[in-house]
Every structure is written in C-alpha cells, then in structure tokens.
Amino acid sequence: MAGIDSAAINGIARAGGLFGAAARAQYTAMAQLRWSIFSHSLRSSKGALELGARTVANLLYAALGLAIGLGAGAGSYLIASNNAWEYVPIVFWAMCFLWQMVPIMLASFQEQFDLGILLRFPVLFGSYFLLYVVSGLVDISTILGGLCSLGILVGVTLARPGLFGWTLLGLALFAAFNILLVRAIFAWIDRWLAQRRTREILGAIFMVMILSVQLLNPALHQRRHGGRNGQPVPRQSVEQQTEELKARYAPWLHTANQVQSWLPPGLAARALRQAATGNQPGEQSGNGAVPALGSLIVLGIYTLAAGGALAARLRSEYRGENLGQAPSRKKVGRRESGWLPNAAGPIAGVIEKELRSLLRTMPVLYALGMPVVLVFFFAAMFHSRTSSHDFHPQMQIALPIGVAYALLGFTQLFYNNLGAEGAGIQLYFLSPTPIRSVMLAKNLFHSVLFLFDAAVAGVIVSFRIGVPTTEVIAATAAWLLFALPSNLAVGNIFSITMPYRVNPGRMARQRGSQANALLSLLVQLGILGTGVAVFLLCTLAQALWPAVPIFMALAAGAVFAWLRALGNIDAMANQRRDSLMATLMKMG
Amino acid sequence: METAAIQTHGLTRRFGALTAVEDVTLSVAPGQFFGFLGPNGAGKSTTIKMLTGLLEPSAGTIEILGQPFGASALELKRQIGVVPEGMALMGRLTAPEYLRFVGRMYGLDGATTNRRTDELLDFMQLSNESRKLVVDFSHGMQKKLAMAAAVIHGPKVLFLDEPFEGVDAIAAGMLKAMLTGMINRGATIFLTTHVLEIVERLCSHVAIISKGRLVANGSLEELRAGVASTLPGTEQEQRLTLEEIFLSIVGADGSQEPAQELTWLA
C-alpha cells in the first residue's frame with residue numbers, strides 16, 4: 001500500500017545535518033527564490049522605481065551608519081586614551097537602544113521576507129532557525145549596529161592596541177545578543193498580537209505606559225518649578241535644588257549603575273573596562289583577564305537566553321502552530337457593546353471601522369503614541385538646558401518642533417491609508433460608495449487623531465518648557481492648517497499610486513515600499529522645510545505675526561489641492577484598481 | 001422583449017500581450033441561475049471581475065439590468081451583490097461589525113442593517129462567533145460571511161465566484177436553499193464554480209469559457225443535445241452528465257489526457 005513515508009522525508013532533511021548536502025541545496029533554493037522575486041519585481045515600472053528608491057534609501061542609511069560609526073569610534077578613542085572607562089556603558093547602552101529601536105521605528109519602511117513559507121518543506125529546525133537569524137543580518141539596525149561596533153573596535157584599538165582581542169570578543173558577543181534579542185522580540189510580539197487576550201493586555205500596558213509618562217509630566221513640572229503656586233524660583237535656587245536632588249537620588253543612581261552593570265550592555269562595557277585595567281601600559285598583562293572573561297561569560301548566557309527565547313517561538317511555528325488560528329474567546333453575546341454611536345451612512349461606517357481596527361492594532365497605536373512619548377523626553381532635554389524662568393526666545397520653537405514631530409508618526413497612515421485593507425479593498429470598488437467618500441472618511445479620522453496627538457504634544461511642551469507666546473501658538477496652528485491638508489492631499493495620491501500591503505497585526509515580516517517611504521519623507525521634509533523657512537525669516541525680522549497670514553495663504557492652497565485630489569480620486573482609483581487590488585491582496 | 005439582467009457584447013480583456021478574455025458576448029435573462037464554467041486559467045474570474053466593476057474591460061460593453069455598467073455606475077452597484085475571488089473581507093472586524101459596515105456602504109439605514117445582520121448571522125450559523133475577528137475565521141466561515149455580505153442589501157443580481165469552496169456540506173445545503181429562494185423571488189444569479197454537480201443541480205443555463213473564448217452557451221438541455229449529436233448513438237443524450245459535456249467541449253483538443261504517465265509517483 002502506498003503511504004506517506006515520513007521517516008524517509010525526515011531522513012532526506014537530516015542527511016548531513018545543518019550543513020549537509022540537502023540543507024545546502026535548500027539554502028541555495030532560498031537564495032534563488034529571493035533573487036527570482038527581486039528580478040521579477042523589476043519587470044514593472046513600479047518595481048524599477050522601488051529599486052531606485054531602495055538604492056537611495058540604502059545610501060542614506062549607509063551615510064547615517066558611517067556617521068554613527070565615526071562618532072562611536074571617536075568617542076571610544078577618547079575614552080580609551082583618557083582611561084575614562086566609566087563612560088563606556090553609555091556607548092554600549094546607546095548602541096543597544098539603536099539596535100532594538102530602529103527596527104520598530106522602521107518596521108514599515110523595510111521589506112522583510114516571511115520565512116514561514118519554508119515550513120511546508122522538509123526543512124530542519126536548525127536550518128529554519130539559521131535562515132531566520134541570517135535574514136536578520138541584512139536589516140538596517142544590524143548594519144547600523146555593525147558599523148557602530150566597527151567604530152568602537154577601531155577607536156579602542158587605535159588608543160590601546162593591546163585591547164583588540166578583548167574588544168573584538170566583547171563586541172561580537174554583544175552583537176550576537178542584539179541580533180538574537182531583536183528577532184526574539186519581534187517574533188514574540190507577533191505571537192502576542194495574534195491572540196485577542198494577549199493583544200488586549202499589550203494594548204492596556206501600552207496605554208498605561210503612555211498615561212504614566214503623561215502623569216510624570218506635571219509631577220516633574222511641579223518639582224522643577226518650585227512651590228505650591230508653581231511660581232518660578234531664582235536661578236541660584238534651582239542650582240541648589242539640583243544639587244539637593246543629586247544628593248537625594250545618589251543612592252538610587254548608584255543602585256541603577258549596579259543593576260545596569262549586570263545587564264548585557266553593562267556587561268560588555270564592564271568586560272572592556274576590566275580588560276583595560278589589567279592591560280595598563282607598564283602593568284603585568286592578564287590581571288583583568290579573569291574578571292573580564294567572567295563578564296563575557298555572563299554576557300554569553302544572556303545571548304544564549306535571547307537565542308533560546310527566539311528558538312522557543314520558532315519551534316512552535318516549526319511544529320505547525322498557525323498564528324491565524326490562535327484561540328480566541330468564545331461567544332458572549334450576539335452583538336458587540338454599542339459604545340459607538342450607530343450613525344448611518346458610509347462615511348460614519350468607514351470612520352467606525354477605522355476606529356475599531358485601530359484599537360485592535362497595537363503596532364499602529366505604538367507608531368502614533370511613540371512620537372508623543374519622545375516629545376516628552378525631548379522636552380525634558382530642552383528644559384534641562386535652562387531654568388524655567390528663563391524662557392529664551394529660541395525655546396519658542398519647542399511647540400512647532402513638538403507638533404511637527406507628532407506629525408511624523410502619521411506618515412504611514414497618511415501616505416498608505418489603504419495599506420491595511422487587504423482583500424477588503426474589493427468592497428470599496430464593489431459598493432455604491434465612491435472612493436472619494438472612503439478617502440474623506442479616512443482623512444477626517446486621521447486628522448482628528450493627529451490633532452489629538454498634536455494637542456497632547458502641545459500640552460507636554462507647555463508644561464515642560466513653558467506656555468509659548470500667542471504669536472507662536474497662532475503661527476503653529478496656521479502651519480498645521482497648511483501641513484495637514486498638504487499631507488492628506490499627497491497622501492491620498494500616494495495611497496492610490498504607490499500602495500503597499502500592511503499586515504496590521506504584525507510588527508515583523510512586513511513588506512514595505514521604499515518608493516513610498518522615500519517620497520513621503522521628501523514631501524514631509526518639504527512641508528517641514530517651508531515651516532522652518534517662514535519661522536526663521538520671521539524670527540530674523542523679529543516679528544512672528546507675519547508667519548500667520550503666510551501660513552494661512554499656504555493653507556488655502558493646500559486645502560484647494562486636497563479638495564482637488566479628493567475630486568479626482570475616483571478616476572485615479574478606477575484607473576489603477578487592478579494594480580491596487582493586486583498589491584493589497586497579494587500573498588506572501 | 002424582456003431586458004436582460006446581464007448582457008455583454010464583445011467583452012475583451014488583455015494583459016499586455018496576453019488576451020485573457022476575448023470577444024465574450026452573452027445574455028442572462030432575469031430570474032436565471034446562470035453557471036459560468038471553464039478550466040483553470042480560462043478567464044472565468046477575469047470575466048466576473050469585469051462584470052462587477054473590479055476590472056476595466058479592454059474592449060466591449062456590459063449592461064446590467066439594461067443599463068451600461070462600469071466602475072462609476074454607483075447607483076447600479078446597489079442592485080448587485082458579489083462574492084469576489086478574494087472575498088472582500090476586513091480581518092480586523094468581527095462578523096457583525098463587518099456586516100453592519102457593508103450595510104452602511106450600500107446605504108442601508110441603521111435599523112435595517114442591524115436586523116439583517118442578526119438574521120444573516122443566524123442563517124449562516126455564525127452567531128456563536130460574533131466576538132471573533134474575521135481574520136481568525138476558518139476559510140469556510142469566511143466564505144459564509146462573504147455570502148452574507150453579498151446579499152445584505154437585497155441585490156437583484158448576484159455574482160458568485162467559487163462560493164462553495166471550503167464550505168461544509170451542511171452549510172452548502174443552506175446556501176443552495178437560500179440561492180434557490182432568491183431565484184424564486186426573481187433574482188438573477190451568475191455563478192462560477194468547479195463543482196459541476198452544483199451547477200447541474202441549480203443552474204438552468206450554462207456557459208463554458210476556454211482559453212478566453214466562449215465555447216458553449218445555452219440551457220443544459222441544449223448543451224446536452226449539442227454534445228450528444230456529435231456522439232454515436234442517440235441514447236447517449238439521456239445519459240450525459242455535465243462533467244461529460246464539459247470534458248467533451250473543453251477537452252476537445254485532447255488536453256484532458258495526460259501527456260505521459262508519472263511513473264515515479266507512488
């Protein structure tokens with residue numbers, strides 16, 4: 001009887017192990033697949049445009065990486081040559097932050113290949129794991145982190161040639177830890193986002209985090225601004241207060257320093273410092289080798305743990321777990337609670353659908369909330385440069401900067417507003433509702449979200465730095481009236497002409513569009529640049545009020561462009577409906 | 001003469017050098033259950049996409065309920081329901097939310113949408129899954145939801161692209177009953193499927209497309225008679241199944257016969 005000989009199939013895969021002939025043939029097939037996908041993408045003009053955009057983007061990333069690498073190298077050289085090893089943890093923590101945060105910030109801008117397709121083939125788990133890790137080596141964060149590591153290696157070696165081996169070893173381990181950790185984080189977040197319960201928990205944690213940061217704000221503000229009435233205190237008092245704060249929090253800082261020294265960036269830094277103290281010129285070499293080796297072993301354990309976390313997740317996938325079939329709660333009631341007004345009409349329908357989808361989509365919530373959190377931290381940095389009662393004229397720009405930064409979080413929503421529709425895009429073409437109404441509803445919803453974000457950013461800036469003058473508020477509001485419709489107008493056009501599919505429940509394994517990302521960035525820079533130029537000219541003229549009519553005039557043009565784009569959107573969408581649906585519905 | 005529910009003249013679609021559908025002219029009378037058959041890649045889905053406004057024809061005209069139809073014929077779209085190839089679902093909504101959304105998109109008032117949503121969920125046996133996101137549905141459940149969405153606005157013409165694919169036997173029976181009921185109440189249904197038994201049981205008229213061209217069109221009896229006339233013996237006519245008719249017409253070039261036996265297969 002003919003049957004499935006699973007032992008024979010597994011035998012084929014196991015023959016020769018991880019680097020045997022069968023496995024090598026699979027790696028080659030995988031490489032050929034990537035090459036075929038790439039070469040086929042060049043058949044269309046869109047693919048060629050994508051390649052051009054990707055080249056430009058990679059050049060920009062390379063320039064950024066070189067700058068970071070040079071900075072890290074110079075810093076390491078100074079630290080090593082001055083024996084200022086207490087500052088090394090800062091370098092490693094910065095590198096770790098860069099390595100872990102960049103992939104999240106650029107998740108929608110870089111193409112990531114879903115290796116899950118391999119699981120239908122007789123692939124060894126080791127091969128799957130290896131390919132998963134190796135495919136992560138070509139992402140932007142690894143390139144930036146690699147250049148940063150290279151800079152540190154060169155900087156330390158130039159200053160202290162005897163530390164080359166230790167530095168290389170420490171950096172290699174630290175790099176392996178970061179690569180495995182970032183992959184593990186993405187894999188686990190995707191897993192959690194696939195389940196309703198964990199998705200809700202993650203959402204709640206995220207909201208609590210955002211609220212906590214917001215609540216910290218007035219508390220710190222009160223601390224910084226003195227007494228109960230919030231009256232500014234003299235500069236001398238602030239300096240004295242700062243010293244008092246330092247004294248009060250010194251034990252906390254000491255504990256924090258102790259804790260960080262047992263975490264991976266701290267361990268890598270500690271190993272280097274320990275090796276350096278045993279490698280002083282004139283001293284007997286090897287005094288610090290044992291403690292340095294100990295630190296590296298602990299770092300190695302962390303690396304193994306990160307690898308283990310990743311392996312645990314991948315093994316579940318390997319065993320056939322389907323994220324789409326993750327268990328969800330059984331029926332409780334027939335209808336969802338009607339907490340949203342049941343307004344009639346397609347525009348209300350699209351807005352409600354967008355809101356419900358957004359609330360179930362952690363990565364998008366994160367993208368929208370993160371700029372506001374960062375505005376808080378930037379505001380704190382601004383604030384620390386001066387005392388509160390000295391509200392310098394140049395600090396007036398904090399409000400427009402904060403609002404502009406909040407705008408960046410909406411890039412993907414504005415410029416690829418159909419990306420998350422998937423097969424649902426068909427409904428817009430099948431229904432009697434014009435695409436114009438759909439776009440209008442999306443624009444309205446996104447505008448309200450952005451205005452909320454901008455308002456929060458404005459409140460943060462006002463609390464942390466001080467309430468700006470009426471002129472600044474008016475000019476910022478006028479700039480917003482220009483910036484928002486400009487973004488919406490171009491965003492609607494890009495959403496039709498350069499869409500890319502977004503899986504809203506996933507942070508990793510997205511397929512972005514470099515052309516859309518690059519061009520939308522250029523438009524954003526143009527809008528920001530216009531704002532900066534007008535602000536600058538008016539500031540130089542020592543009169544900010546003319547900025548208001550200038551921005552209002554620009555806003556009139558932007559609103560006209562938005563209405564014009566909206567008016568033509570049906571014709572544009574109908575003309576491109578085939579490629580639009582093919583792009584947004586394509587598999588893999 | 002009665003106005004056709006669906007009428008095409010010289011419908012053609014080209015993708016670069018490839019002509020996917022060529023010069024298709026057909027007419028579907030109101031109240032007809034029309035089966036549109038063809039082998040893989042014959043042009044069925046391309047035709048149905050053009051008929052529903054998802055794809056622009058390269059040439060030819062389409063009339064639905066006697067009016068010219070295109071992507072911008074918004075009022076006419078209210079009369080049409082579609083289960084497209086991709087099902088047009090929105091994964092981040094629950095089934096009731098999705099149906100209410102579709103109801104709004106078709107201009108139904110809130111009360112009607114809510115009432116029909118509840119009735120359709122009950123009918124499709126999806127009420128127990130009302131908190132589950134569509135993305136977590138099985139393929140069969142998604143098909144049932146897509147079917148519910150296609151009929152929520154009470155269309156006069158229904159286009160179905162492989163509606164029974166992945167649907168269990170019980171649900172398929174319910175869907176067939178629903179479709180038959182629609183036909184009895186005067187609706188027109190245009191169905192593409194690979195399940196020939198369903199077409200044989202439900203459809204009064206059948207068209208077969210092969211390599212982009214319409215190669216047969218008529219009632220089942222007409223097709224049966226046409227094919228039987230080419231076969232020796234008049235008694236053959238009574239015994240011909242739709243599968244035999246289909247293979248006889250589409251396999252006329254002999255392509256149904258494998259070129260060689262794959263002896264290495266177990």
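Check the range A:509-523 and report whether any residue there is among the charged types (D, E, K, R), touching a helix residue (DSSP H, G or I) at 6+ places or on another chain (Cβ under 9 Å) and surrounded by fewer than 20 Cβ atoms within 10 Å (Cβ to Cβ). Yes, the range A:509-523 contains a residue that is among the charged types (D, E, K, R), touching a helix residue (DSSP H, G or I) at 6+ places or on another chain (Cβ under 9 Å) and surrounded by fewer than 20 Cβ atoms within 10 Å (Cβ to Cβ).
Within the range A:42-63, the residues that satisfy the criterion of being under 15 Å from A:Met498 (Cβ atoms) and more than 26 Å from the chain's Cα centre (by Cα) are A:Ser44, A:Ser45, A:Ala48.
Does A:Leu365 satisfy the condition of being modelled with pLDDT under 85 and within 30 Å of A:Leu263 (Cβ to Cβ)? Step through it out loud before you land on a result.
On the way: modelled with pLDDT under 85: yes; within 30 Å of A:Leu263 (Cβ to Cβ): yes.
When the stated conditions are applied, A:Leu365 passes them.
Just for helices (runs of 4 or more DSSP H) wholly inside the range A:192-302: which have at least 2 residues that are at pLDDT 60 or above and surrounded by fewer than 17 Cβ atoms within 10 Å (Cβ to Cβ)? Write out each step before concluding.
Numbers: elements: A:196-224, A:235-260, A:264-277.
Answer list for the range A:192-302: A:196-224, A:235-260.
When every residue of the range A:139-158 is checked against the conditions, at least one turns out to be modelled with pLDDT of 80 or more and more than 28 Å from A:Tyr302 (Cα to Cα).
Being of a type in the set (A, V, I, L, M, F, W, C) and either buried (at least 20 other Cβ atoms within 10 Å of the Cβ) or within 14 Å of chain B (Cβ to nearest Cβ) (or both) is the filter here, so list the residues in the range A:427-452 that pass it. So that I can check it myself, show each step before the final result.
Residues of the range A:427-452 that are of a type in the set (A, V, I, L, M, F, W, C), as a first pass: A:427, A:429-430, A:435, A:438-441, A:444-445, A:448-452.
Residues satisfying the conditions are A:Leu427, A:Phe429, A:Leu430, A:Ile435, A:Val438, A:Met439, A:Leu440, A:Ala441, A:Phe445, A:Phe450.
For beta carbons closer than 9 Å, sequence separation of 6+ or different chains, a first residue in the range A:81-98 that is within 12 Å of A:Leu171 (Cα to Cα) and a second that is assigned to a loop (DSSP other than H, G, I, E, B), the qualifying pairs are A:Cys96/A:Leu263.
Residues in the range A:542-587 that are in contact with a helix residue (DSSP H, G or I) (Cβ under 6 Å, 6 or more places away or on another chain), away from chain B (no Cβ under 14 Å) and among the small types (Gly, Ala, Ser): A:Ala547, A:Ala555, A:Ala558, A:Ala561, A:Ala565. Taking the criterion of being under 23 Å from B:Ile183 (Cβ atoms), over 14 Å from the mean Cα position of the chain (by Cα) and buried (at least 20 other Cβ atoms within 10 Å of the Cβ), the only residue of the range B:122-143 that qualifies is B:Met124. Checked against the criterion of being away from chain B (no Cβ under 14 Å), part of a helix (DSSP H, G or I), in contact with an Asp or Glu (Cβ under 8 Å, 6 or more places away or on another chain) and among the aliphatic types (A, V, I, L, M), the range A:508-515 has at least one qualifying residue. Being surrounded by fewer than 16 Cβ atoms within 10 Å (Cβ to Cβ), in contact (Cβ under 8 Å) with a residue 40 or more places away in the chain and under 29 Å from A:Ser431 (Cβ atoms) is a property that holds for A:Arg564.
Could you say whether any residue in the range A:475-484 is within 21 Å of the chain's Cα centre (by Cα), aromatic (Phe, Trp, Tyr) and either outside the structural domain of A:Phe414 (by TED's automatic domain parsing) or within 13 Å of A:Val403 (Cβ to Cβ) (or both)?
Start the filter on the range A:475-484 by keeping residues that are within 21 Å of the chain's Cα centre (by Cα), which leaves none.
No - not one qualifying residue is present in the range A:475-484.
Might you let me know whether the range B:152-173 holds any residue that is closer than 30 Å to A:Asn503 by Cβ and assigned to a helix (DSSP H, G or I)? Yes - at least one qualifying residue is present in the range B:152-173.
Per-residue answers, yes or no, for (1) surrounded by 23 or more Cβ atoms within 10 Å (Cβ to Cβ); (2) in contact with a helix residue (DSSP H, G or I) (Cβ under 7 Å, 6 or more places away or on another chain):
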position	(1), (2)
B:Leu11	yes, yes
B:Ala17	no, no
B:Ser27	no, no
B:Leu51	yes, no
B:Ile80	yes, no
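Of the residues screened, A:Gly424 is one that is in a helix (DSSP H, G or I), without any contact (Cβ under 8 Å) to a residue 12 or more places away in the chain and surrounded by 24 or more Cβ atoms within 10 Å (Cβ to Cβ).
Is it true that A:Ala515 is modelled with pLDDT under 90 and touching a Gly at 6+ places or on another chain (Cβ under 9 Å)?
Numbers: modelled with pLDDT under 90: yes; touching a Gly at 6+ places or on another chain (Cβ under 9 Å): yes.
Yes: the conditions hold for A:Ala515.
In the range A:305-327, of all residues being at pLDDT below 65 and surrounded by fewer than 17 Cβ atoms within 10 Å (Cβ to Cβ), the one that is farthest from the other protein chains (Cβ to nearest Cβ) corresponds to A:Glu321.
The values are calculated or read from the model by the stated rules, or taken from the named source; none is laboratory data. Computed from a predicted model, the values in this text were never measured in an experiment. Note: ideal-geometry Cβ built from the backbone for every residue, glycine included; neighbour counts use all protein chains shown.
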